[in-house]
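Novice: Pasting a structure below so you can have a look.
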């Protein structure tokens, strides 16, 4: 998973204990299929309606190569008003709006959400 420049800066600040930085804790869905760009600071076209708005994620640690070397972000949404096209998932450090985008994962294909559909996404940051 590629991490944005802002994401790397925030991670090093958090590890170093610098004040004023907020941990990554939320996922946002994006309707844009633009390719990842490490200079992005936020979603290209964040979805903020239909039950698919940005929200707090379940954040945990996992093991890929070394103990607890993977940070895992998980969230499930249910569409309340479709159709809505989902093309990317973004890791954010604010659960409502604004904030810093840590990464953006473009889905392999567009997911068209209809009313009642559920989408579950997990993003893994592997430090190894």
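Novice: Could you compute Rg(Cα) / (2.2 N^0.38 Å) for the stretch 16-82, with N its residue count?
Specialist: In units of the globular-protein estimate, the stretch 16-82 measures up at 1.37.
Novice: Explain nothing, just the number: relative contact order of the chain, from Cα pairs under 8 Å at least 6 residues apart, as a whole percent.
Specialist: The value is 32 percent.
Novice: Still on this structure, please answer the following. With a Cα-only, solvent-free Debye model of the chain, what are the log10 I(q)/I(0) values at q = 0.10, 0.11 Å⁻¹?
Specialist: At q = 0.10, 0.11 Å⁻¹ the computed log10 ratios are -0.30, -0.36.
Novice: For the pair residue 64 and residue 48, how long in nm is the line joining their label points, each one 7 Å along Cα→Cβ?
Specialist: 3.2
Novice: Full extension from residue 56 to residue 22: what is 0.36 nm times the residue separation minus their Cα-Cα distance, to one decimal in nm? Working shown, then result.
Specialist: Values: separation 34, 0.36 × 34 = 12.24 nm, distance 1.31 nm.
Extending this stretch completely gives an extra 10.9 nm.
Novice: Return the ratio Rg/(2.2 N^0.38 Å) for the stretch 89-128, where Rg is computed over Cα atoms only.
Specialist: With N residues counted in the stretch 89-128, Rg over 2.2 N^0.38 Å equals 1.42.
Novice: Could you check the spin-label model distance between residue 76 and residue 14? Points 7 Å from the Cα along Cα→Cβ, value in nm.
Specialist: Result: 2.4 nm between the two label points.
Novice: Kindly provide log₁₀ I(q)/I(0) values, in the same order as q = 0.17, 0.26, 0.27 Å⁻¹, from the Debye equation applied to equal alpha-carbon scatterers of the stretch 58-128.
Specialist: -0.75, -1.21, -1.24
No lab work stands behind these numbers, since they all come straight from the coordinates. A quick note: this is a predicted structure, and the numbers were derived from the prediction, not measured. Ideal geometry is used to build each Cβ from the backbone, glycine not excepted, and the neighbour counts take in all protein chains shown.
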